[in-house]
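Below: the structure, in structure tokens.
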Amino acid sequence: MNDIKYNVERFYKTLTTNEFYERFSNFEVVQGYCKECPRYDTNYSCSPLGIDIKEFITSYDYIDIIVTQVQYDEKVYNADYSKDELNDVINKTFFKERKKVVDKLLDTEKKYTKAESLTGPCNHCTPKCKEVYSECKHPEIRRYSLASLGIDSKKILKDLFDIDLILINGKLPKYMNNISSILYTK
């Protein structure tokens, strides 16, 4: 499984944070999905957060939204994979490409007066860190996920980029999307 053929496309949009929050905040619906995740209430970058989300987002002026779309070759996405093989393909492609964007955004933060990437969930210390520590041990490197902020990723994909969300459901889809973003004030 070393020769996994895929292409990567990146799409970009910039919005004011007020417009972004008004258009894409859908807290109750998104939190319903979050509650189904095994990481729910175990990680300081995931739900539930102890912050005023609207205030957090709109305390910045702009948000750059970056969609990284990993598009698989027909042979790759039509193949039958065991659960471990599927995870291996996703790790060697999707998560590899996601890391490139995350690293770039973390570096880009330094160029602004005030900035914070939304690239979570955090993986900096220990799994289930809320069970181990009474507070985040690395707030300077912790980054929230869009979902933890109640942001509707499916709506972002459709409304801003005309991309349909395809779920994995045990089979590799034709493409996978990662949405990363950076909040900033110039």
Rg over Rh, two decimals, segment 54-135 (C-alpha only, Kirkwood Rh): 1.07
Length-normalised contact order of the chain in % [C-alpha pairs under 8 Å, at least 6 apart]: 39
Whole-angstrom gap from segment 81-99 to segment 1-77, using each part's C-alpha centre: 19
At 0.692 mPa s and 37 °C, Stokes D of segment 1-42 from Kirkwood alpha-carbon radius, µm² per second: 231
Under 17 Å from Lys111, Cα to Cα: lysines that are on another chain or at least 8 residues apart: Lys186
Using alpha-carbon coordinates, inclination of helix 94-108 to the longest axis of the chain, degrees: 30
Size of charge dipole - the chain - debye, nearest 20, with Cβ of Lys, Arg +1 and Asp, Glu -1, no other charges: 320
Those residues of segment 26-43 whose amide nitrogen sits under 20 Å from the label point placed on Glu135, 7 Å along Cα→Cβ: 41-43
Of [x] 9, 34, 38, 17, 3; [y] 9, 36, 35, 17, 3; [z] 11, 42, 39, 8, 0, the label for P(r) over Cα pairs in 10 Å bins from 0, in percent derived from the coordinates: [x]
Cα gyration tensor category, rounded, prolate or oblate, for segment 99-149 with a/c compared to 1.5: prolate
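No lab work stands behind these numbers, since they all come straight from the coordinates. This structure is a prediction, so every number in the text was calculated from the model and none was measured. Quick reminder, even Gly has a Cβ in these numbers, built from the backbone with ideal geometry, and neighbours come from all protein chains shown.
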